[in-house]
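S.K.: Quick one: structure below, then a few questions.
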Amino acid sequence: MKKDRNFDDIAHKFARNIYGSAKGDIRQAVVWQDLENLLARAPHSPLTVLDAGGGIGQMSLELAKRGHHIILCDLSEEMLKLARQEVEKEGLLPQYQFLHCGIQDLSDTLTTKVDMVMFHAVMEWLNDPFEGLTQVLQCLKPGGLVSVMFYNHTGLLFKNLICGNLTHVEQGMPHRKRFKLQPQKGLVPDEVYAHLQHATVEIWGKTGVRTFHDYMQTERLGEFTEAQLIAMEQTLCRQEPFLSLGRYIHVWGQLAPTQCNE
Ligand SMILES: C[S@@+](CC[C@H](N)C(=O)[O-])C[C@H]1O[C@@H](n2cnc3c(N)ncnc32)[C@H](O)[C@@H]1O
């Protein structure tokens, strides 16, 4: 059976790729707007937030800076090591619990349910993404907040089409090993939304992450600054057709308050 993708061997490459790159900055900028909206609706503060498959925990670190408590879980010891270094630099270790385990083991490891779950860019690395999503949602209290970001099948398809990779598309876009940081498969957005709704998550918002940046010509034709790029992504990311073309989609909301999944 295929296993989930532990990032031990690519942890440093991953960190270099997202810190300080336009890709990482756009993601941070658009998802952060959503998280601010989500937190504005939180029933109390500080929250206990589970960052499941949290890697180096860049986004949850921002939550920690605002006083929230973070449980960072990952299969990769290397990713957790890098995360711990960043947290230590910020002097926020007392707000953290690091769990070196798979999301599949969380129900045995966590002693109480959490107020919020973040599950960002993990589903596409799992052997069974929807089972993984279910397991993460089971860690949440009734009425808890949900933030899920997944690699978008439509974005992957569109990217291949505009690159002229039609044979690859006809073959069903099989995973290409040489692109180590590229996920094995994209998730079909409607399937993710349906799964969340079936699990009684009320969806409050959806956002495309990198809706046009990755489709721009590599040879720069127009004139723009990185600030303009980020502002334009922020303007377009919640409206169609851009949302559905995002290389990732961030979907967020709330688990039904009455649900009892003890
Ligand atoms: C693309 S990274 C995303 C990291 C972080 N969530 C982010 O958004 O930057 C995917 C992470 O999922 C972790 N992972 C993969 N399978 C896992 C599993 N079954 N349980 C926990 N973590 C897992 C990998 O080790 C890696 O750190």
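The values are calculated or read from the model by the stated rules, or taken from the named source; none is laboratory data. As the structure is a prediction and not an experimental result, all values here were calculated from the model. All Cβ positions, even for glycine, are placed from backbone atoms using ideal geometry, and neighbour counts span all protein chains on display. For accessibility, only protein heavy atoms count, side chains too; no ligands or nucleic acids. Shrake-Rupley method; radii C 1.70, N 1.55, O 1.52, S 1.80 Å.
S.K.: In the chain, with Lys and Arg counted as +1 and Asp and Glu as -1 at Cβ, which of these residues, 166, 71, 106, has the Cα nearest the positive end of the dipole, that is, farthest along it?
M.R.: Value computed over the given set: 166.
S.K.: Carbon and sulfur together cover what percent of the accessible area of segment 8-255 at a 1.4 Å probe radius?
M.R.: Solvent-exposed carbon and sulfur of segment 8-255 make up 51 percent of the total.
S.K.: Same structure again: Which order do the peptides 111-117, 41-47 come out in when sorted by mean C-beta neighbours inside 10 angstrom, highest first?
M.R.: 111-117, 41-47
S.K.: For segment 1-143, what class follows from the C-alpha gyration tensor (a ≥ b ≥ c being the square roots of its eigenvalues): rounded when a/c is under 1.5, otherwise prolate if a/b is larger than b/c, else oblate?
M.R.: Cα axes put segment 1-143 in the rounded bin.
S.K.: Using the heavy atoms of the protein chains alone and a 1.4 angstrom probe, what is the accessible area of segment 24-115 per residue in square angstrom?
M.R.: 44
S.K.: Charges only on Cβ, +1 for Lys and Arg, -1 for Asp and Glu: so what's the dipole of the chain about the Cα centre, in debye to the nearest 20?
M.R.: Dipole about the Cα centre, nearest 20: 460 debye.
S.K.: Also, I was wondering about something else. Quick one: net charge of residue 6's neighbours, Cβ under 11 Å, K/R +1, D/E -1?
M.R.: -4
S.K.: Along the three principal axes, how long is segment 181-231 when you take its alpha carbons, biggest first, rounded to the nearest angstrom?
M.R.: Here the spans come out as 45, 27, 16 Å, largest first.
S.K.: Once all Cα-Cα distances of segment 117-262 are split into 10 Å bins that start at 0, what whole-number percent is in each one?
M.R.: Once binned at 10 Å, the Cα pair distances of segment 117-262 give 11, 36, 32, 16, 4, 0.
S.K.: On a 24 Å Cα-Cα criterion, which of the cross-link pairs 185/206; 89/113; 81/180; 159/206; 3/159; 23/159 come out too long?
M.R.: 89/113; 3/159
S.K.: Compute the orientation-averaged projected area for segment 8-255 from the convex hull of its Cα atoms and round it to one decimal in nm².
M.R.: Averaged projected hull area, Cα only: 13.5 nm².
S.K.: Can I ask one more? Using a Förster distance of 35 Å, how high is the FRET efficiency between residue 32 and residue 127, based on the Cβ-Cβ distance and rounded to 0.05?
M.R.: 0.70
S.K.: Quick one, what does Rg over Rh come out to for segment 89-195 if you take C-alpha atoms and the Kirkwood Rh?
M.R.: For segment 89-195, the value is 1.06.
S.K.: So for segment 32-76, what are the equivalent ellipsoid semi-axes in whole Å, largest first, each being the square root of 5 times an eigenvalue of the Cα gyration tensor?
M.R.: 19, 11, 9
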